[in-house]
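Engineer: Sharing a structure here in structure tokens format.
Coordinate-derived values only; no laboratory data. Predicted, not measured: the structure shown is a model, and the values here were computed from it. When we count neighbours, we look across all protein chains shown, and the Cβ atoms used for this are built from the backbone with ideal geometry, even at glycine.
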Amino acid sequence: MNNTFKTRLSKMSVMLVMSALLLGVSLSIIQIVRSAALDPGHAWSALDDSAAPLTKGGSGQTTASAAFNAVLPSQTGNSGKFLTTDASNSSWGTPQGTTTRIVITGRSSASLSADAYCNPFGSACAASNATLGALIPFNGTIKNLYGYMSAAQGSGDSCVFYVSKATDCTGSFSNTALTCNIGNGQQSCSDISNSAAISSGECLQIFFDEAGTSCVGYVSWSFELQY
């Protein structure tokens, strides 16, 4: 056997080995494609069964719910809270309740120079409190009373504003802690420290008390009702 024949035989052997390898690869690809066609959900079963860890960009979990929970901050003790961020890290936030604030305001339709009872929403004032009230249909808190008179009062005067309440608008009114006093050359007053709770069905009223001797002027008032 000469050298030329040996060389050709060697080349043919290499080619046969390479052909066999290519055939094997081709058959493997055909099998994968066939499996994908027959069962798309598990064509890559070996990959499906292995969960990528967090360090590799995964969640370490194999279900959507578990994967979502795995990347959240700890949920223990955080029921009812919402997910928030400080622009760098996520955390749980606590929802804040909303408060509705109503300003109740009014002004007497005439100059007052004696005790008077006034509807808190309007201009009607009288010497009796029998019907001059406003019914409140919900629980709330009254606060931040402001009183004003159209003229500065003289030295020794004491013109007192009260927010009064009763169980209904025909009941007996009593003064709440919400009160302020104009006197000694003043024209306005305020009470931003005190407050009073109001129950559904109670009635509110403004009582103008001329505690001094010569309070006179148009009377204005305003206060806040929160609920």
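Engineer: What FRET efficiency, computed as 1/(1 + (r/R0)^6) with R0 = 25 Å and r the Cβ-Cβ distance, is obtained for ASP168 and SER109, rounded to the nearest 0.05?
Structural biologist: 0.50
Engineer: List, in order, the whole-Hz ³J(HN,Hα) value for each residue of the range 146-155 obtained from phi through the Karplus relation with A = 6.51, B = -1.76, C = 1.60 and θ = phi - 60°; use x for Gly and Pro.
Structural biologist: Taking θ as phi minus 60°, the curve returns 10, x, 8, 10, 6, 9, 5, 8, x, 4 Hz for the range 146-155.
Engineer: Quickly work out the THR94-to-ASN184 label distance, labels modelled 7 Å from Cα along the C-beta direction, and quote it in nm with one decimal.
Structural biologist: Label-label distance for ASN184 and THR94, simple model: 4.3 nm.
Engineer: Spin-label point model (7 Å from Cα, Cβ direction): what's the ASN78 to THR213 distance in nm?
Structural biologist: Here the modelled spin labels are 7.1 nm apart.
Engineer: Residue by residue, what Karplus-based ³J(HN,Hα) values in Hz, rounded to whole numbers, does the range 159-166 have, using 6.51, -1.76 and 1.60 with θ = phi - 60° and x for Gly and Pro?
Structural biologist: Result, rounded to whole Hz: 10, 9, 9, 10, 9, 10, 9, 9.
Engineer: Which peptide among 207-213, 135-141, 86-92 comes first, and what is the full order, when sorted by highest mean count of other Cβ atoms within 10 Å? Don't skip to the end; give the middle numbers.
Structural biologist: Numbers: 207-213: 16.6, 135-141: 14.3, 86-92: 9.1.
The most tightly packed comes first, giving 207-213, 135-141, 86-92.
Engineer: R0 = 35 Å: FRET efficiency of ASN139 with ALA70, Cβ-based, nearest 0.05?
Structural biologist: So, using R0 = 35 Å, E works out to roughly 0.20.
Engineer: How large is ³J(HN,Hα) for each residue in the range 174-183, as worked out from phi by the Karplus curve 6.51 cos²θ - 1.76 cosθ + 1.60 (θ = phi - 60°), to whole Hz, x for Gly and Pro?
Structural biologist: Once rounded to whole Hz, the list reads 10, 6, 8, 6, 7, 7, 8, 10, 9, x.
Engineer: Could you give the size of the charge dipole of the range 101-226 about its Cα centre, using +1 on the Cβ of each K and R and -1 on the Cβ of each D and E, expressed in debye and rounded to the nearest 20?
Structural biologist: Values: 4 positive and 8 negative charges, 54 e Å.
Here the size comes out at about 260 debye.
Engineer: Next question, about the same structure. Given the C-alpha centroids of the range 159-227 and the range 60-119, what is the distance between them in whole angstrom?
Structural biologist: Value for the Cα centre distance between the two parts: 31 Å.
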